[in-house]
Structure formats: C-alpha cells, structure tokens
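**Q** One structure is given below, represented as structure tokens, and several questions about it will come after.
The values are calculated or read from the model by the stated rules, or taken from the named source; none is laboratory data. Computed from a predicted model, the values in this text were never measured in an experiment. All Cβ positions, glycine included, derive from the backbone under ideal geometry; neighbour counts span all protein chains shown. When the accessible area is computed, the model is the full protein with side chains, heavy atoms only, and any ligands, DNA or RNA have been set aside. Shrake-Rupley method; radii C 1.70, N 1.55, O 1.52, S 1.80 Å.
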Amino acid sequence: MFPPLMSAEEQHPRPSLLERCSSQIGEQVNDQPREKALKTHGRSSAEDGDRNKPTYCVTDVPPWYLCIFLAIQHYLTAFGGIIAIPLILSEGLCLQHDSLTQSRLINTIFFVSGLCTLLQVTFGVRLPILQGGTFALVAPAMAMLSMPEWECPAWTQNASLVNTSSPVFIEVWQTRMRTLQGSIMVASLLQILVGFSGLIGFLMRFIGPLTMAPIVSLIGLSLYDQAGAKTGSHWGISAMTTVLIILFSQYLRLIPIPVPAYSKTKKLHTSKFFIFQTMPILLGIAVSWLVCYILTIYDVLPSDPAQYGHLARTDVKGNVVNEAPWFMLPYPGQWGMPTVSLAGVLGIMAGIICSMVESVGDYHACARLSGAPPPPKHAINRGIGVEGLGCLLAGAFGTGNGTTSFSENVAALGITKVGSRTVILLSGVFMILIGMLGKIGAAFATLPTPVIGGMFLIMFGVIAAAGISNLQSTDMNSSRNIFVFGFSLFSALVIPNWIMKNPDCINTGLKELDQVLFILLTTQMFVGGFLGFFLDNTVPGTKRERGLLAGDKVHLEDTGNTLGSEEVYDLPFGITSCLASRSWVHYIPFCPWKGNNVSQGQGTQHSTEGTDEFAL
C-alpha cells in the first residue's frame, strides 16, 4: 500500500478528525513520489528520517476521536481474516447448513480475540499488536476432522434433511467441536511453556526463513480446495467479488474521497479520506452482497437448490438475522465438556510452533513501526506465553481455533503512523462488544457462498505469497536453498494429497498411532515445515546463505531509530517497580529486571513518556 505524501495543509497542527486520519493514512511509503518530493523541496535525509517516525508512539494517547476512528479501522482490517476461520471450519464440523450456529462461532471468535488483545497489550509483549484467529491451526484442525471416524454423516450434507434443533444433529457437530476444543487447549500448554520458560529464544536459533517460507506458504496453498468449492458455487459472483477487492486495494488505493469536515481554522470544508485503502475487503464484500440481494429479490438467481447458482441467493440461509438474539455472552464450555484427541493435539502443536515463530517477527516489526526499542527477551517470552493463554481461552470458549498476532494490523501501524497501544486496547474493547451482539454475527453468517469464495481467492493467495517473501533475506541464487525450499514445498503438496486418497495406507496395528500419523502426514504445513527444518539444519550452508544474519541487521537498525527506552515493556500497575528490588526476579524469564539494566548502564535514562509507573 503506497499512499501519497501529505500536503502542507494536511500537516496543520490542529486538524479535524477526517483531516487527521486521512493525512496520517496518506503519510507513508510511496518511494517514487517521495523521492520526487525530496528533490522538489530539497529536504534533507535527516528530515526524511524524522517523517518515518510515528506521530504517536507506544505510550502516547491520541485525541479520543482519533482513537475511536483508528480502533475501528484496526477491527475492519482484521475482520476478513477473523470471520473466514469459522466459515472454513463449519464444513468440517458439519455446520454448513446451520447458519445460526455459524453466527455464534463468529461472535465467539470476535469476543475471544478482543479479550486476548487486552491481555496481550496489558500484560503480554505490551506493544500495539492486535490478536485474532490463526490460519496456522486451520489446516491441522481440518486434517483432524477429515479422519474417517470424524467424517460428516451423509444426511448433514443435504439442507432439506438437516434439523438444526434436533438433538442428533446437535450431538454430531458438538462432539467434533469438543474434541477440537480439548486438542487446542492441551496443545496450547506447549506455547505457554515455551513462552514463560524462555525456550522461544533457543528454538529461534534453528528456525530460519527456509523453514518458515514453506510453512506459511502452505497455510494458504492448503486451503485451495475450500476456496475452489465456494468459488465454484457461482463463478460470476466470485469473480466480481475478487475483481472489486483487487480494484479497491490495488488500483484505487491512492484515490481520496472528499468528505465534509470541520476545524476551528478552516471551518466547514472538505477533506481527503482514503477509503479504498482502509477497507477494500469490506467494500468488495458489501458491493457483491448488495448485487446478490438485488438479483435475489428479482429472482434472477435460481430458487431451486438443485440448480447452479442457487447458493448466491441471499435468502438461502433463511431468517438467521431475525432468529439471532440481540445480545449474547460467549462463555467457556458453551458447547459442553471438551475432550482430547492425541492425534489432534500433535497436529495442533505443529500449527502452534508456526504461529509462535511468526509472532516473534511481528513483535520486532511492531516495535519498529511504533517507535519502541527492539523487544527484550522478557517481553518476547511474555508475549508468546500470553498468546498461549489466548489459545487456551479460545479452546475453552469453543472458537475451534487459537489466537495469534495479526500481521495485517502491524502493517496498518506503518500506514497510520499511530503506534499507540491505547488505540489497540480500544479496538479490543470494540471486538468484545461486537462479539456480544448476536445480530452482527448472524449478518456475517448469511454471506452468500460465492462472495466468501471470492474473498478467499484474495486472502489465501496473499498468505501464500507472504510465506514466499520470507526468502528475501536468503541467497536464492544458491542451489542449496532452491533445493531445500522446492523439495519441502512440493513434497508437502504430494504426500498429504496421496494419503487423503489412500487413507488405508497407514496401518501400524495401533489405532492411536495411525491417527497421529494420519493427521501429521495430511497437514501440509507440518510436512513442509519438518522437511524444511531438517534440511536447512543438516545440509551445509553459511548463515548468510541461510538468511540467519538478517535478523541481527534489522535489530541493529531498529536500535538506532527508536524513540523510547525499554520501560515501555515494563509490567503495568507498578508491578515492575515492586519487583525491581527482588534479586530472584532475574531468574524469571518473563519478568523485567532493572538490576540488569543498571549493570549495563541502561537504567539511568528514562523517557519522558510513561513516567507514571501505574500507567498502562
């Protein structure tokens, strides 16, 4: 996303709400216009460096109106990824014809995401980083639900045979959900242990870009079947959704929309608002949804369920919005007592390891964009540990998923230039409130199937490309690296596909072991990640060749471009100051220890921000 530079007018010291938002959204990274502007206005490199600094740092509190606008924007940025997860899982849970339960899952994942965001920003890594569902757990979850004993009964595939209030149907999907819940809760203990014990630093020594690239790429590539099934329900509507999202996010992102605004200096006037850049997915879905509604009320789309294109109708899912309650409160165990599957636990653990490594990268990127120093070890340990607690909560509440840091929202920090954690805290509050409004979840659950398919084409493609982008720090002229990545990626597509078509090929004589091997070997990201990890750490290669020096370089660059001290990572409510005099705190990996800073000569400097030890 490369919006234009701000004009002198947009940099007025007391702008209105829309002026402030649009100017901060506009102040970002279009390299060619920036170079042209620098030549035109003769700005020095030092001035240009100042412009890269955030307008609001971690501990700053923007005006209340800006906080509200940016909090809503962060929610909209995350909304596409969050609602996609329950919609994908609904097929494995036999819920594709139960829109009301799908809406409850959407409400639950929003509620838990908001709760985990508050925990992460307050007690976790303490950076402005939003938490949400993770696609890293979707693949192992779908692999578990595709096992022969968990295949959905044939009658659940027929909408006319499904009675959503029937005890038999309820038991069918809740049995699967409870097993998924228990597996996620047990697997989350690994993340809690790795985080709070400080093991994450040890693991990061062996997990490089050649391990991460196939893992992340396969998160997107492994979901091609679900995307194809939904897209194929009406290729015209799906193509329209995809084209609209591409049009808004790529071609029109630099086009501002004039909106009315008011300020004391300019009075009533118009201001520029980059709406296409801010919410392209939401706009694309809304327009396609409206087209489907118009085609439905004029009966252009077929009303016969057996005809092609019927799923594009907006009345397919009945009166879900009318049936959904205005207010609901998700709670742990709402689907019953969770059960545990050993095979499911091991599969989910593979996804959690991927999620942890991704989150460490997000922490460093978030710190750089929000003007904070690189996160110290205790903050990273605490962040990963709190994410583990978030996965535990997500499993207990029954989202069918875990939680992780949202990379999309980290990128939004670079666009808005607002790195205040107060904004993310407010965004978490909004997500909790939205999670309690049953009508909103029901509205999302009624999205026509081909509209969802069009969104999936964009979303999963971007995830696959994001994985490949991990290779930019490696030497891809090296035949070693080409072999490691190519073999890992291709094998991860071939092996699971063959095993899914030949499920009886795994027969060790032990049912539990067969289940474990089936889930692991049909989870593409596990196969690709394992092969990438093994080959990258055993085939001879230099650190520079493997891309392991890039992190150190970024770390050094970050330390020279920060605006605050490591106090931004201290625990809130004066907890750090209370523990500062305790020598035993030095041995707790997730607690900040002031004695270490003093011994290194770093504890004498205090930033002017966040001096109140009881401030968040």
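**Q** Step by step: first the residues of the stretch 154-172, then only those that are among the aliphatic types (A, V, I, L, M) and surrounded by 15 or more Cβ atoms within 10 Å (Cβ to Cβ), then the one that is farthest from the chain's Cα centre (by Cα). Which residue is that?
**A** By that ranking, first place goes to Val162.
**Q** Given the options Ser370, Ser407, name the one that is within 24 Å of Leu89 (Cβ to Cβ) and at pLDDT below 90.
**A** Ser407
**Q** Taking the conditions exactly as written (modelled with pLDDT of 90 or more, assigned to a loop (DSSP other than H, G, I, E, B) and not acidic (Asp, Glu)), does Val121 satisfy them or not?
**A** Answer is no for this residue.
**Q** Also: Can you tell me which residue among Leu437, Leu393 is more than 14 Å from the chain's Cα centre (by Cα) and within 27 Å of Trp289 (Cβ to Cβ)?
**A** Leu437
**Q** Please specify each residue of the stretch 296-320 satisfying the condition of being assigned to a helix (DSSP H, G or I) and touching a Cys at 6+ places or on another chain (Cβ under 8 Å).
**A** Ala312 - this is the single residue of the stretch 296-320 that is assigned to a helix (DSSP H, G or I) and touching a Cys at 6+ places or on another chain (Cβ under 8 Å).
**Q** All but one of (1) modelled with pLDDT under 90; (2) within 30 Å of Glu151 (Cβ to Cβ); (3) part of a helix (DSSP H, G or I); (4) of a type in the set (S, T, N, Q) hold for Gln472, so report the exception by its number.
**A** All conditions are met except number (2).
**Q** Okay, next question. For the stretch 142-153, does any single residue satisfy the condition of being crowded, with 24+ Cβ neighbours inside 10 Å and under 20 Å from the mean Cα position of the chain (by Cα)?
**A** No, the conditions are met nowhere in the stretch 142-153.
**Q** Also: What's the number of the only condition in (1) modelled with pLDDT under 90; (2) in contact with a strand residue (DSSP E or B) (Cβ under 6 Å, 6 or more places away or on another chain); (3) of a type in the set (Ser, Thr, Tyr) that Thr101 fails to meet?
**A** (2)
**Q** Take the conditions in a loop (DSSP other than H, G, I, E, B) and modelled with pLDDT of 85 or more and apply them to Pro540. Does it pass?
**A** Spelling it out, Pro540 is indeed in a loop (DSSP other than H, G, I, E, B) and modelled with pLDDT of 85 or more.
**Q** Then there's this: Here is a check on your reading of the model: is Thr175 open to solvent by less than 50 Å² (accessible area, probe 1.4 Å), out of contact with any Ser or Thr (no Cβ under 6 Å at 6 or more places or on another chain) and either among the polar types (S, T, N, Q) or farther than 19 Å from Pro86 by Cα (or both)?
**A** Spelling it out, Thr175 is indeed open to solvent by less than 50 Å² (accessible area, probe 1.4 Å), out of contact with any Ser or Thr (no Cβ under 6 Å at 6 or more places or on another chain) and either among the polar types (S, T, N, Q) or farther than 19 Å from Pro86 by Cα (or both).
**Q** Report yes if Gly398 is at pLDDT below 90 and at positive phi, otherwise no.
**A** no
**Q** Oh, and also: Taking the residues in the stretch 545-579 that are open to solvent by 50 Å² or more (accessible area, probe 1.4 Å) and outside any helix (DSSP H, G or I) as candidates, determine which candidate is modelled with the highest pLDDT.
**A** Phe573
**Q** Taking Ile294 as meeting all but one of (1) farther than 30 Å from Thr108 by Cα; (2) at pLDDT below 90, write down the number of the exception.
**A** (2)
**Q** Output yes when any residue across the stretch 380-389 is under 16 Å from the mean Cα position of the chain (by Cα) and farther than 27 Å from Gln73 by Cβ, and no when none is.
**A** Among the residues of the stretch 380-389, at least one is under 16 Å from the mean Cα position of the chain (by Cα) and farther than 27 Å from Gln73 by Cβ, which makes the answer yes.
**Q** Would you tally the residues in the stretch 315-330 being open to solvent by 30 Å² or more (accessible area, probe 1.4 Å) and at pLDDT below 85?
**A** 8
**Q** Among the listed residues Ser90, Ser103, identify the single one that is open to solvent by less than 10 Å² (accessible area, probe 1.4 Å), without any contact (Cβ under 8 Å) to a residue 24 or more places away in the chain and part of a helix (DSSP H, G or I).
**A** Among Ser90, Ser103, only Ser90 is open to solvent by less than 10 Å² (accessible area, probe 1.4 Å), without any contact (Cβ under 8 Å) to a residue 24 or more places away in the chain and part of a helix (DSSP H, G or I).
**Q** Does Ile245 satisfy the condition of being in contact (Cβ under 8 Å) with a residue 60 or more places away in the chain and within 23 Å of Leu457 (Cα to Cα)?
**A** Criteria met by Ile245.
**Q** With respect to Ala78, determine if the residue is modelled with pLDDT of 50 or more, under 30 Å from Pro258 (Cβ atoms) and in a helix (DSSP H, G or I).
**A** Taking the combined requirement at face value, the residue satisfies it.
**Q** Next question. State which residue pairs qualify: first residue open to solvent by 40 Å² or more (accessible area, probe 1.4 Å) and inside the stretch 353-371, second residue modelled with pLDDT under 85 and in a helix (DSSP H, G or I) in any location, beta carbons under 6 Å apart, and separation of 6 or more residues or different chains.
**A** Here the result reads Arg368/Asp558; Leu369/Leu413; Leu369/Gly414, each pair linking the stretch 353-371 to a residue that is modelled with pLDDT under 85 and in a helix (DSSP H, G or I).
**Q** Whether any residue in the stretch 518-535 is of a type outside the set (A, V, I, L, M), at pLDDT 90 or above, in contact with a Gly (Cβ under 9 Å, 6 or more places away or on another chain) and part of a loop (DSSP other than H, G, I, E, B) is what I want to check.
**A** Taking every residue of the stretch 518-535 in turn, none turns out to be of a type outside the set (A, V, I, L, M), at pLDDT 90 or above, in contact with a Gly (Cβ under 9 Å, 6 or more places away or on another chain) and part of a loop (DSSP other than H, G, I, E, B).
Here is a yes/no grid of residues against (1) of a type in the set (A, V, I, L, M, F, W, C); (2) within 27 Å of Ala443 (Cβ to Cβ); (3) at pLDDT 50 or above:
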{"position": "Pro33", "(1), (2), (3)": "no, no, no"}
{"position": "Ala37", "(1), (2), (3)": "yes, no, no"}
{"position": "Asn52", "(1), (2), (3)": "no, no, yes"}
{"position": "Thr59", "(1), (2), (3)": "no, no, yes"}
{"position": "Trp64", "(1), (2), (3)": "yes, no, yes"}
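**Q** Restricting to the stretch 484-516, name every residue that is in a helix (DSSP H, G or I), open to solvent by 40 Å² or more (accessible area, probe 1.4 Å) and free of Cβ contacts under 8 Å to residues at least 24 places away in the same chain.
**A** Hits for the stretch 484-516 are Phe490, Val494, Asn497, Trp498, Lys501, Asp504, Cys505, Lys511, Leu513.
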